[in-house]
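A.B. asks: Pasting a structure below so you can have a look.
Readers should treat all values here as calculations from the given coordinates under stated rules, not as data from a laboratory. In this text the structure is predicted, and so the values were computed from the model without any measurement. No Cβ is skipped: glycine too gets one built from the backbone with ideal geometry, and neighbour counts run over all protein chains shown.
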Amino acid sequence: MGQIGDGSLVEWVIRTRYTRAVMLKNLNIAIIGAGNIAEALVSGLLKKRVVQPSQIFATDVSESRLKHFKTQYGVRVGSDNAQAAKWCDILILAVKPQVIDEVVVGLKLPARSNPLVLSVAAGVPIERIQSKLRSTKHIIRVMPNTPSIVLEGATALAGGPGVSSQELEIGKSIFEAVGKVVVVEETHIDTITGLSGGGPAYVYVFIEALADGGVKMGLPREVAQLLAAQTVLGAAKMVLESGEHPGALKDRVASPGGTTIAGLHSLEEGKLRGTVINAVQSATLRSRKLGKLGQSRHIASRKNGVGRAKRAT
Ligand SMILES: NC(=O)c1ccc[n+]([C@@H]2O[C@H](COP(=O)([O-])OP(=O)(O)OC[C@H]3O[C@@H](n4cnc5c(N)ncnc54)[C@H](OP(=O)(O)O)[C@@H]3O)[C@@H](O)[C@H]2O)c1
């Protein structure tokens, strides 16, 4: 598969104006790196019947990961990244940032091969991947988060040079299998890393603290934890499904002189909002710094003729 005439199968699917629902039915997807994010994607795509197992080829250096993907999901597996890249219409790079350079170089994509490339590698700019490929490819940078594993991910996509809106739609179709998706400019990806990339960790701390409060006031730990986690889930659903401003929803549950406004007062005294805003800002700045570090190491390694970038994240 892969080529029709001079164009890629992705282009052909776009030309024939397939709807998003059926778009992916005709495309083969290779995933390089059968780790956590790859498993979330494969599991979501198959569970939601967006693609068939025969449309997925997962590669990894670990035999046990390949065995797991084969037995659990029935997808094609192998250790030859170049073979998978040649076979596919959509190529998902899901290895760690510190090995991405050598992995991309090792793909040895022929100049005429035109898969749509999606990279989830944190802190790795599109330009860096482009420079490692032998010819101009259409690349989409993706910032997913770990709740993708339970199909409640928050993912941002940014298209590189030449990426069409239809190609972004294909990218969206893939990540919508594991949650909600937004399309942004690449310049926003560091902020998104600081918000939804790190966000699950911030929320885990909030859930833990909420449960600790219950325990302090006499609740058994498992009861407190269940109530805390379900409260966060329910409040998030209220925001997403009502479309209302969270402040308006907050006002509705805070009755005059009541218990909730007393609790809210304590949160304000503890500067919860300012602290959370600072958390997103700090993580964003850190992501920018690591991206620049990775970039300068990448440039240095190119100058020194060294293929493998050092750990940047
Ligand atoms: N997890 C997240 O929440 C999250 C969020 C945003 C972005 N990301 C990005 O997503 C990417 C994958 O993250 P992850 O958490 O899924 O990592 P992971 O679980 O470590 O998965 C990466 C897999 O790639 C394998 N691998 C290493 N070298 C390879 C090679 N040359 N060819 C093929 N496979 C190779 C690794 O094997 P070994 O372990 O044996 O080396 C591992 O199984 C990273 O770039 C990360 O920055 C992750």
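A.B. asks: DSSP beta bridges in the chain, what fraction antiparallel, as a percent rounded to 5?
C.D. replies: 20
A.B. asks: Given an 8 Å cut-off on Cα distances and at least 6 residues of separation, report the relative contact order of the chain as a percent.
C.D. replies: 16
A.B. asks: At a threshold of 8 angstrom on Cα-Cα distance, excluding pairs fewer than six apart, so keeping six or more, what relative contact order does segment 160-277 reach in percent?
C.D. replies: Relative contact order here is 11 percent.
A.B. asks: Find the percent of Cα-Cα distances in segment 198-270 that exceed 20 Å, and round it to a whole number.
C.D. replies: 39
A.B. asks: Round to the nearest 10 and give me the degree value, 0 to 90, for the angle of helix 199-216's Cα axis relative to the longest principal axis of the chain.
C.D. replies: The angle comes out near 30 degrees.
A.B. asks: Quick query: amide H of residue 183 versus all other amide H atoms, modeled in the peptide plane; which residues come in under 5 Å with a sequence gap of 5 or more or a different chain?
C.D. replies: 157
A.B. asks: Another question, if that's okay. Report the net charge of residues surrounding residue 187, where surrounding means a beta-carbon distance below 13 angstrom and charges are Lys +1, Arg +1, Asp -1, Glu -1.
C.D. replies: Summing Lys and Arg as +1 and Asp and Glu as -1 gives -2.
A.B. asks: Now for a separate question. Under the classification rounded if a/c is under 1.5, otherwise prolate if a/b is larger than b/c and oblate if not, where does segment 137-288 fall, given a ≥ b ≥ c as square roots of the Cα gyration tensor eigenvalues?
C.D. replies: prolate
A.B. asks: To one decimal place, what orientation-averaged projected area in nm² is obtained for the convex hull of the Cα set of segment 3-189?
C.D. replies: Directional mean of the projected Cα hull area for segment 3-189 stands at 9.3 nm².
A.B. asks: I would also like to ask the following. Just to be sure I understand: of the beta bridges DSSP finds with both ends in segment 3-189, what percent are antiparallel, rounded to 5?
C.D. replies: So the antiparallel bridges in segment 3-189 amount to around 20 percent.
A.B. asks: Helix-derived [θ] at 222 nm for the chain: sum -39500 (n - 2.57) over DSSP H runs of at least 4, divide by residue count, nearest 500?
C.D. replies: When only DSSP H runs of four or more count, the value is -16000 deg cm²/dmol.
A.B. asks: Using alpha carbons only, how many degrees (0 to 90, rounded to 10) separate the axis of helix 221-242 from the longest principal axis of the chain?
C.D. replies: 70
A.B. asks: By how many nm would the segment from residue 282 to residue 267 lengthen if fully extended, with 0.36 nm per residue of separation less the alpha-carbon distance?
C.D. replies: Difference between extended and current length: 3.3 nm.
A.B. asks: Here is a further query. In segment 3-189, what is the count of Lys pairs whose alpha carbons are under 18 Å apart, counting only pairs at least 8 residues apart or on separate chains?
C.D. replies: 15
A.B. asks: Could you give the C-alpha radius of gyration of the chain expressed as a fraction of 2.2 N^0.38 Å, taking N as the number of residues it contains?
C.D. replies: This ratio for the chain stands at 1.12.
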